[in-house]
Amino acid sequence: MAEDLLSLFPPGSTLDATGTLVVGGCRADDLAAELGTPVLVVSEDALRARAREYVGELTSRWGRARVVFASKAFPCTAVQRVMVEEGLGLDVAGGGELLTALKAGVDPALVVLHGNAKSDEEIALAAEHRIGLVVVDNADDVDRIEATMPAGVRQDVLVRVIPGVTADTHSSVLTGHEGSKFGLAPRDAAALVRRIEHSPRMRMRGLHVHVGSQILDVEPLAAAVAPVAALGEFPVYDLGGGLGARYTWADEPPTVAAYAEALVAAARAHLPAEAELVVEPGRSMVATAATTLYRVTTVKRGVTTFVAVDGGMSDNLEVALFQQRFEAGIVGRFDAADSEPATVVGRHCESGDVLVDGVPLSAPRVGDLLAVPATGAYCFTMANNYNGTRRLPVVFVRDGEARLVVRRETWDDLLARDVD
Ligand code: LLP
């Protein structure tokens, strides 16, 4: 049981002689004492290892391939900087993600800008910083780029195509099906490609496709290749992200090797041999590199045992929005025999504010530290101020050293925007 739970924490996590969780060489209780709770703890080695795995598995199979981290999965400078140091590019889907990417030291040529409703300001930022690729989602993007690029400068673009592929994941994170708000149906994409090919402000580089997120089967991801190939030969094909992560015992996501194998097999079958392949992993790059530590605030025993903690849907919206299943353990007592089924809930004014619905916890009591593994993807991203919560800090751990990379919000931060 303890071993099982431990396997969901960042690779290299251990239990010390007292049974206390150790991540990146740092004891969870020490981190909580120093930084307070809730706190998002990120294993830097786990991030780096996964980035290298992606680059290795892809480039060993397809020489002209590159990996671009989908910043939206964990948009902060420190995470983006790790990716940059590991040689990855950065996909950004908004002005703020672009600004932290630049702060992280990314080569602008390795930035890919996304968005189904890019603003004039975002296109202007892309033009100002001469970013590598803008992924055109619609004809209005083309109008904006034409109106914004300075004379004599051409923006390299990809056109996002709806492949008409579906996958077994939550409907809110499916994007490749007909009727998706992202990208264009093949016929409309083909017309826009022709327009771009005649534009003095753009260089038509290739096509982009993204099927969805938390996909635990490589087939739908590979199935998106043929529909884009049918639109013609281009120098670049960006095959998006989407590989699922392991959140619970039951999840068996494909390995990065199996993912690369499937994509490259489809590329060999359908794409020009000299084309450049780009992938944009987000979730599978960062999910299991992090864990959130909470303090138990109340324990209410009744029909259900509710264990309430000092965070919740303000730091993890994955459960409320997508019914994502997580696991949890009491730090120091992962393997106690006297465990009881409990429901871990947050502190927010909503019954849907549940972190884990039904999980065995060892005699939970007020003051315990509770760890939820696999919170590296999209949790920091969608953190919010519900009920006046100050958004949580992020700490990197490595070789027994802890380094704060995003501080906790302060009451002053909250009051500063309130200008009445
Ligand atoms: N590329 C594009 C164009 C995307 O839209 C996404 C994710 C990715 C790459 C990365 O996909 P991943 O490898 O992470 O599956 N808010 C949701 C997640 C939405 C994913 C959006 N697009 C959540 O909290 O789970």
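The values are calculated or read from the model by the stated rules, or taken from the named source; none is laboratory data. Computed from a prediction, not measured in an experiment: that's the story for all the values here. With ideal geometry, Cβ positions are generated from the backbone for all residues, glycine too; neighbour counts draw on all protein chains shown.
Key figures
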{"read-out": "Single residue of region 14-43 satisfying the filter (over 16 Å from residue 333 (Cβ atoms) and among the hydroxyl-bearing types (Ser, Thr, Tyr)) that is surrounded by the fewest Cβ atoms within 10 Å (Cβ to Cβ)", "value": "37"}
{"read-out": "Listing of strands (runs of 3 or more DSSP E) fully contained in region 318-404 that carry 3 or more residues being without any contact (Cβ under 8 Å) to a residue 60 or more places away in the chain", "value": "339-345, 354-362"}
{"read-out": "Number of the exception - residue 174 against (1) more than 16 Å from the ligand (Cβ to nearest atom); (2) modelled with pLDDT under 95", "value": "(1)"}
{"read-out": "Filter result for residue 84 (part of a helix (DSSP H, G or I), surrounded by fewer than 24 Cβ atoms within 10 Å (Cβ to Cβ) and among the β-branched types (Val, Ile, Thr))", "value": "yes"}
{"read-out": "Breaking point among (1) more than 16 Å from the ligand (Cβ to nearest atom); (2) touching a Gly at 6+ places or on another chain (Cβ under 8 Å); (3) not polar (S, T, N, Q), for residue 209", "value": "(1)"}
{"read-out": "Single condition residue 260 does not satisfy, out of (1) modelled with pLDDT of 95 or more; (2) outside any helix (DSSP H, G or I); (3) small (Gly, Ala, Ser)", "value": "(2)"}
{"read-out": "Criterion: touching a strand residue (DSSP E or B) at 6+ places or on another chain (Cβ under 6 Å), without any contact (Cβ under 8 Å) to a residue 60 or more places away in the chain and more than 12 Å from the ligand (Cβ to nearest atom) - qualifying residue of 140, 188, 156, 217", "value": "156"}
{"read-out": "Residue list for region 221-250, filter: assigned to a loop (DSSP other than H, G, I, E, B) and either in the same structural domain as residue 374 (by TED's automatic domain parsing) or among the aromatic types (Phe, Trp, Tyr) (or both)", "value": "234, 247, 249"}
{"read-out": "Hits in region 134-185 - residues which are part of a loop (DSSP other than H, G, I, E, B) and among the small types (Gly, Ala, Ser)", "value": "151, 152, 164, 167, 176, 179, 180, 183, 185"}
{"read-out": "Selected residue (criterion: surrounded by the most Cβ atoms within 10 Å (Cβ to Cβ)) from residues of region 59-81 that are of a type in the set (A, V, I, L, M) and not in a helix (DSSP H, G or I)", "value": "70"}
{"read-out": "Selection from region 88-130 of residues that are outside any helix (DSSP H, G or I), more than 16 Å from the ligand (Cβ to nearest atom) and among the small types (Gly, Ala, Ser)", "value": "104, 105, 119"}
